[in-house]
Amino acid sequence: MKKTLAMILALVLALTSVSFAFAEDFDVEAYGATSTELYNKILGEFYTTYMAGRDEVENLSLRYALMAIAEAKLMASAVMYPTTSQGGNYAISRIAPYTISPALWGLDSSRYHQALIVNEDPITTAERDEMKAKYAELKGTGTYEAWAKQYLADKGYTLNTEYALGYSSDPKTWDVLATSRAADSEAICNTFDGLVEYDVENVMQPALATEWSVDETGTVYTFKLREGVIWVDSQGRKVDDVTADDFVAGMNHMLDAMGGLEYLVGNQGGCAIVNAQAYIDGEISDFSEVGVKAVDEYTVQYTLEAPAPYFLTMLGYSVFAPMSREYFVSQGGGFGEEYAPDSETYLYGKDPSHIAYCGPYLVTNLTPENTIVFTASESYWNKDAINIKTITWKYNDGSDALKAYNDMKANVIAGAGLNSNAVEVAKQDGWFDKYQYVSSTNATSYMGFMNIYRTAMANTNDGKVASTQTADDAARTMKAMQNVHFRRAVAMSIDRATQNAQSVGEELKNAALINSYTPGNFVYLTEDVTVAINGVETTFPAGTFYGAVMQAQLDADQVPLKVWDPTLEGGMGASFGYDGWYNPEAAKAELDLAIAELAAEGVEISAEKPIYLDLPYYSASTTYTNKAEVCRASIEEVLGGAVVLNKVACETTAEWYYAGYYTNYGYEANYDIYDLSGWGPDYGDPQTYLDTFLPDYAGYMIKCIGIF
């Protein structure tokens, strides 16, 4: 493995001006230096513009406009291309619409205690439409849930107290403060409460905090806590009281664990808590100097280095989760220099029996790749208000394209999205016309990533998913992937709609397609703003969506991407529901530019001497196999065979995940193109997306393009 890596890098040196010092053992320091050079070359313009926007906190409209311009630069770089959001597929379900929080950021949409689920056959299409219309009428009044219960009763339904759903990846840890992976946090969030929570009408409500205030500087937030709440173990036995110190301990442990959340409170993240970055960097070791204080037993206070007007929207994410200090220490935990997660005595978060609970559920059964059961906690402070007493996760590896549909039909799980195979079966069964609906898309953005500096040619955990490229192939590919026109050519040659049709069917192939990283309607300008677009002062009026500003910059740069369509959504505009990237003619033109530029650097690209790209895919799944084949055929046809896509089979989901999703650093990324990762917002500002592409190991998703 190391010898192959050295051979590849040696050849790269002959083809690129970027310097890289290496020895037989991988030189991480030199890798970081090269990552910085590549970042500055490829994403420098994005970074400069973005930081100007991020530093603007007084005028939010100016902030959003600058960030939109920066994202246009990110999209134009084509280090990634948008694929789909979550949703936008046919579904059949027993879950009443809008009875799980529709919050676009944080973890509240994965908290299921308020769900209304019927015991009988699924809710019909007509009934669902009635409920959606009523929700639009009642949203914000606090009365929708009660109305929905009565409506369902009047229609002859009874309510189930169990929510059974499918899942595809076991949590790797049960320590919610030491992970940023959705597969972990989406499970663990049902075991604890935060300070606040968005309800089913998307209104922020008190949870462990009963009231809060911010001082006149906009930097000091004070929360009064609910008294009488307790921590229990997995058996429901009390282990501690919930107090203000639990939020101090939680923040301390999160910064010690460095599990990918810490950037949100450091100087490169969502909000800068006083001295959090200094603690992360080791400049201070006394956590009492960090701006998280227990003012008294039931008052916790956060002090920011600068105003962050979206701070309250961040509280629904696990970075602000509480943790019982006493229980953590009892499980071998320590703080600062005493934090030793590799110690034999460290048990915290290793499994559900080694965490403390203050939320609505206890984990009462965990059988890996089979079942996870959450049971309502008898000691939960709000136990009488929850509708679901048991949540059961049932494993589905995706190898059977009809399993979810069949399980839903048999009431083994409450609902299911319908892939193209299931749509046809549902039509034959007579269930499609009666029960189907199109699920709403959310703010999650899945991307296809271009590896601009590939140094792993097999999975770093076990050597599987090995590339068949020669060292010469790999070196030429790396050089091509560092050329913006080549990346654009590849991105614009992928027929994303046909690819998505393999999952959801031909009729809905466009429904979940997205065209930007931050959804174009995520925020909008509340006042007129004038900004420079390529040196031309341009005024955007109040009400302009983020996506419209992004499109203006792309148009000025003459990059033929359509990230915003002002005619959609009744004239409000949208960045989803169409393919604004697939453009064969533009792809060919970009390839011609790439061929000329790379030829000048000694790299020939032609049908006789093509560039090879590796795409790992889950070969046990018919759907993913078909999607990979569409990608291959599309690229090779549009680009005339000058680019050849190698479909690299992953026999298990674990192999597929370890090729990219489970990696921690760019040098572990074992692919040229990878389409399994994405990002969902942690709070209500475009910064939650764009921060993930910060340099120097600060951006969580930057590793997906092979650097840092």
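Just so it is clear, none of the values below were taken in a lab; they were calculated from the coordinates. Since the structure is predicted, the reported quantities are computational estimates derived from the model, not experimental observations. FYI the Cβ positions are ideal-geometry reconstructions off the backbone, even for glycines, and counts take in every protein chain you see.
Across the stretch 271-278, in residue order, what do the Karplus-derived ³J(HN,Hα) couplings come to in whole Hz, using 6.51 cos²θ - 1.76 cosθ + 1.60 with θ = phi - 60° and x for Gly and Pro?
Going residue by residue, I get 9, 9, 6, 3, 6, 5, 5, 4 Hz, with x marking Gly and Pro.
With θ set to phi - 60° and the Karplus curve 6.51 cos²θ - 1.76 cosθ + 1.60, what are the ³J(HN,Hα) couplings of the stretch 298-314 in order, to the nearest whole Hz, using x for Gly and Pro?
Result, rounded to whole Hz: 10, 9, 10, 9, 10, 10, 9, 6, 8, x, 10, x, 9, 3, 4, 6, 7.
Output the direction-averaged projected area (hull surface divided by four) of the convex hull of the alpha-carbon atoms of the chain, in nm².
Hull-based average projected area comes out at 29.7 nm².
What percent do you get for the relative contact order of the chain when only Cα pairs under 8 Å and 6+ apart count? All intermediate terms of the calculation are to be shown ahead of the outcome.
Values: 1530 pairs, mean separation 135.8, N = 708.
For the chain, the relative contact order is 19 percent.
Can you tally the net charge around R128? Count Lys and Arg as +1, Asp and Glu as -1, for every other residue whose Cβ sits under 12 Å from the Cβ of R128.
Once all neighbours under 12 Å are counted, the net charge is +2.
How long is the gain from K562 to S606 if the chain were fully straight, where each residue apart is worth 0.36 nm and the alpha carbon distance is subtracted?
Using 0.36 nm per residue and subtracting the Cα-Cα distance, I get 13.0 nm.
Average projected area of the Cα convex hull of the stretch 494-576, in nm²?
Average of the hull's projected areas for the stretch 494-576 equals 6.2 nm².
Please report the spacing between the Cα centers of the stretch 171-187 and the stretch 216-259 in Å, no decimals.
Computed from Cα coordinates, the inter-centre distance equals 17 Å.
Output the Cα-based Rg and Dmax of the stretch 34-162 in Å, rounding Rg to one decimal and Dmax to a whole number.
Computed over the Cα atoms of the stretch 34-162, radius of gyration and Dmax are 22.1, 66 Å.
Over the Cα atoms of the stretch 397-470, how large are the radius of gyration and the largest Cα-Cα distance (Dmax), in Å?
19.1, 54
If the viscosity is 1.567 mPa s and the temperature 4 °C, what translational diffusion coefficient in µm²/s does Stokes-Einstein give for the stretch 190-351 when Rh comes from Kirkwood over Cα pairs? Intermediate results must be reported in sequence, preceding the final value.
Numbers: Rh = 16.3 Å.
Rounded to a whole number, D works out at 79 µm²/s.
What's the Kirkwood radius of the stretch 436-592 in Å, using all Cα pairs?
18.2
Could you tell me the extents of the stretch 294-369's C-alpha atoms along the three principal axes, largest first, rounded to whole Å?
43, 31, 25
Quick one: what does P(r) look like for the stretch 48-95 with 5 Å bins over all Cα pairs, in whole %?
Percent of Cα pairs in each bin: 5, 18, 17, 12, 12, 12, 8, 7, 7, 1.
For the stretch 524-617, what's the radius of gyration and Dmax over Cα atoms, in angstrom?
Here Rg and the maximum Cα pair distance are 18.5, 56 Å.
Using only the alpha-carbon atoms of the stretch 298-339, report the extent along each of the three principal axes, biggest first, to the nearest angstrom.
38, 20, 20
Lys/Arg Cβ at +1, Asp/Glu Cβ at -1, dipole of the stretch 623-708 taken about the Cα centre: which of I673, N646, Y661 is farthest positive-ward?
Among I673, N646, Y661, the one farthest towards the positive end of the dipole of the stretch 623-708 is N646.
Arranged by the count of other C-beta atoms within 10 angstrom, fewest first, what order do W564, W212, W174 take?
Neighbour counts put them in this order, fewest first: W212, W174, W564.
Over the stretch 238-319, what is the relative contact order in whole percent, taking alpha-carbon pairs under 8 Å and six or more residues apart?
Relative contact order comes out at 32 percent.
For the stretch 562-708, compute the orientation-averaged projected area of the C-alpha convex hull (one quarter of its surface), in nm².
Working: hull surface 46.4 nm².
Averaged projected area of the stretch 562-708's Cα convex hull equals 11.6 nm².
Within a 10 angstrom radius of the beta carbon, how do K132, K509 rank from fewest other beta carbons to most?
Least crowded to most crowded, the residues run K132, K509.
For the chain, build the charge dipole from Cβ charges (+1 Lys, Arg; -1 Asp, Glu) around the Cα centre, then report which of A628, G520, A209 sits farthest towards its positive end.
A628
Once you have the Cα-Cα distance between S379 and N534, take 0.36 nm times their residue separation minus that, and quote the gain in nm to one decimal.
49.8 nm
Between V214 and N59, what FRET efficiency follows from the Cβ-Cβ distance if R0 is 25 Å, with the result rounded to 0.05?
On the way: r = 19 Å, r/R0 = 0.75.
Plugging the Cβ-Cβ distance into 1/(1 + (r/R0)^6) gives 0.85.
Calculate the dipole size of the stretch 238-330 relative to its Cα centre from +1 charges on Lys and Arg beta carbons and -1 charges on Asp and Glu beta carbons; express the result in debye to the nearest 20.
Roughly 280 debye for the stretch 238-330.
For the stretch 488-555 and the stretch 427-445, compute the distance between their C-alpha centroids and round to whole Å.
25
Do any of K172/K394; K41/K609; K73/K562 go past 18 Å between their Cα atoms, and which?
In this structure, K41/K609 lie more than 18 Å apart at Cα.
For the stretch 190-351, with only Lys/Arg (+1) and Asp/Glu (-1) charged at the beta-carbon, what is the dipole magnitude about the Cα centre, in debye rounded to 20?
Using Cβ point charges on Lys, Arg, Asp and Glu, the stretch 190-351 gives about 300 debye.
What do you get for Rg/Rh over the stretch 104-161 if you use C-alpha atoms and the Kirkwood form of Rh? Display every interim value, and only then the final one.
Details: Rg = 12.3 Å, Rh = 12.6 Å.
When Rh is taken as the Kirkwood radius, the ratio is 0.97.
Looking at Y327, A272, A306, which one has the Cα that reaches farthest to the positive end of the dipole of the stretch 190-351 (charges on Cβ: Lys, Arg +1; Asp, Glu -1)?
Y327
Run lengths n ≥ 4 of DSSP H only: what is the helix-derived mean residue ellipticity at 222 nm for the chain, with -39500 (n - 2.57) per run over all residues, to the nearest 500?
Per the formula, -9500 deg cm²/dmol.
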